[in-house]
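Here is the structure we will look at, set down as structure tokens.
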Amino acid sequence: MKTLGTRVDKQAHHPCEPIDPSKRRYTTMDALEIALRYHETTKHHPHRYARSLGYLDWATQPDPFRRYQGAPCAPLLLAAPATAPSYDALVESGAIATQAVCLETISEFFQYSLALSAWKEIQGTRWALRINPSSGNLHPTEGYLAIGAVQGLADVPGVFHYAPKDHVLERRCEIGADVWDRLIDGFPSGTFLVGLSSIHWREAWKYGERAYRYCQHDVGHALAALGLSAALQGWQVLPLTKMSDEELCALLGLDRTHDFENAEREHPDLLIAVMPSTESPTSNTPLDLPSGALVSVMRGKWYGSANQLSSDHVDWELIDSVADACVKPSTPDLAISTPTPEPPAPLNPNRPSTPARTLIQQRRSAVAMDGRTSLTAEQFYLMMDRTVPRFKHPPWSALGPPTHVHLGLFVHRVEGLAPGLYFLVRSPGQLETLRESMRPEFSWQKPAGCPKTVPLYHLMSGDVRAVAGQVSCGQDIAADGAFSLGMIVDFKGPLQTHGAWIYRRLFWETGMIGQVLYLEAEAAGIRSTGIGCFFDDSVHNIFGFKDRRYQSFYHFTVGGPVEDTRLTTLPPYPPDVTARAIP
């Protein structure tokens, strides 16, 4: 057995398969302790990083594109960027007319959520970028569609896997019309379903044991991208929060062992209902799917076998154990068990109109910051306002309440704000608890001129560039932006209340914040990037957190980018795909 992991030929246990009683079978308390221990074990420290191989084994680099060999393909169309709607219209209720579900709109939905955005090339090496960002550009997240018959796309209802490299849908299953009607009974006419899953090995290849964290906030990136892409069509999104992982596996075919005989397994993440309706979901709208219809889907006609992504693997037992511990059962609706008040209406932006499709397509991660670019206070406040969760607006409607994530900010260059530490309280009910948990010398003053709708507080003034870089594993990019931040999560309480499975959802919320910051930076004419490497406990010490109630889950930096002029940017799709244009 290797010290850091075990190289194996056989894949680890899948969450939808029965567990041998002689192997793992966790009680609720066991699962909770495993999740807590995983988080503690995978922290980076200045003197010790979380375990990984310590090098990149290029011979086993995973293929970034999953395909189902033998599955019939339905080519999607490509749309040229349009001037309308504007990016800011995405969060305005009723600003975008509801479009019908058809081949053209489904094509656009995937084009502006999970598709390729460009290729980069240097010295003969080429790699793809996507609309949805990913840690290390490794893309562990896979997307699925379950939909009724759509002319030009599917003669009969079915389950499809989205293949972004070729912008096609691979049919995995045929569903009878009667089964489909039972499956979506209670939803508005035209509703379809979108599921996400993760291939942990794609991240573990590079990041080792910490990879499970990165897979989860990548799900959040993708979920926000789906929510905003749905808004482009005037569609509403409802998370099916009662669904169990076992039920999601049944719908998406992830429990079909034979289809993954030699391939890396996928772990179920979530399912959303996308509704082409002008009416908001009601208390009678289902948050799960009928079990009888799911059984009929499982018995349907399935196509394709998953491709193997790597010839060899390193099995990280710690990831396997936390994945088993965090399997989600069928649960009550979180919005009912932990009600969250809706915050005030969003700020009206005072900035030039940017076409939403153009901005989504051009999103990039900065590789370095120039250390000079500043933001106006107005730009900064608008960015903060957009991260406040308004669950009746995209993208937050794709997640739903409650809110568990706050922002601890290192402000460097924002005009009108003193450099120093700030804090954005994204759940107002936690303000007093946060104050009591943090350093007593913090001022907790609202900055002069800060809009009342933005729950931002000044903690202390000073040059925090050096410390921002130090706690982000010594990376200058955190010090050279206009500001950087740590996403501070109400961690232990939700796990104790709801169980270990909610550990994943906490990361999803951070990933959604990250996607919003990416797009807000683009709208401001600058760039941002996520930072997964940071010294967890050093961040906690800066803000004064002394126990495990609050934990830092994800870091971000926003500022003026330094472009790498050595790189060549190429179109996302070759001419044969580009020729499939929407008329």
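Considering only beta bridges that DSSP places wholly inside the chain, some 95 percent are antiparallel.
For segment 336-406, relative contact order (Cα pairs under 8 Å, six or more residues apart, normalised by length) works out to 50 percent. Once you have a ≥ b ≥ c as the square roots of the Cα gyration tensor eigenvalues for the chain, tell me rounded if a/c is under 1.5, and otherwise prolate or oblate according to whether a/b is larger than b/c. Judged from the Cα gyration tensor, the chain comes out rounded (a/c under 1.5).
222 nm [θ] for the chain, helices only, -39500 (n - 2.57) per DSSP H run of 4+, per residue, to 500?
-8000 deg cm²/dmol
In Å, what Kirkwood hydrodynamic radius results for segment 88-220 from the alpha-carbon pair distances? Please list the in-between numbers first.
Numbers: mean 1/r = 0.0590 Å⁻¹.
One over the average 1/r among Cα pairs gives 16.9 Å for segment 88-220.
For segment 477-583, applying the loop criterion from DSSP together with a ceiling of 12 other beta carbons within 10 Å to the trypsin sites (Lys or Arg not before Pro) yields LYS546, ARG566. For segment 253-314, applying the loop criterion from DSSP together with a ceiling of 13 other beta carbons within 10 Å to the GluC sites (Glu not before Pro) yields GLU261, GLU279. For SER443 and ASP537, a Förster radius of 25 Å and the Cβ-Cβ distance give a FRET efficiency of 0.55, rounded to the nearest 0.05. Over 25 Å apart at the Cα level, from the set LYS446/LYS492; LYS43/LYS546; LYS120/LYS165; LYS43/LYS206, are LYS446/LYS492.
If a helix is a whole DSSP H run, which ones in the chain reach 24 Å or further along their own axis (Cα) and hold a mean Kyte-Doolittle hydropathy of at least 0.0? Please list the in-between numbers first.
Working: long enough: 211-232 (32 Å, 0.48); 502-523 (32 Å, 0.22).
Membrane-span-like by this rule: 211-232, 502-523.
Over the Cα atoms of segment 454-583, the radius of gyration divided by the Kirkwood radius equals 1.08; this is the Rg/Rh ratio. Subtracting the Cα-Cα distance of THR41 and MET298 from 0.36 nm times their residue separation leaves 88.7 nm of extension gain. Each Cα pair under 8 Å and six or more residues apart adds its separation to the average, and for segment 89-183 the resulting relative contact order is 19 percent.
At an R0 of 35 angstrom, the distance between the Cβ atoms of THR565 and SER93 translates into a FRET efficiency of 0.25.
If the only charges are +1 at each Lys and Arg Cβ and -1 at each Asp and Glu Cβ, what is the size of the charge dipole of the chain around the Cα centre, to the nearest 20 debye?
840 debye
As a length-normalised measure over Cα pairs under 8 Å and 6 or more apart, the relative contact order of the chain settles at 21 percent.
Rule-based calculations on the coordinates, nothing more; no lab input. Note that the structure is predicted; figures quoted are calculated from it, not measured. When we count neighbours, we look across all protein chains shown, and the Cβ atoms used for this are built from the backbone with ideal geometry, even at glycine.
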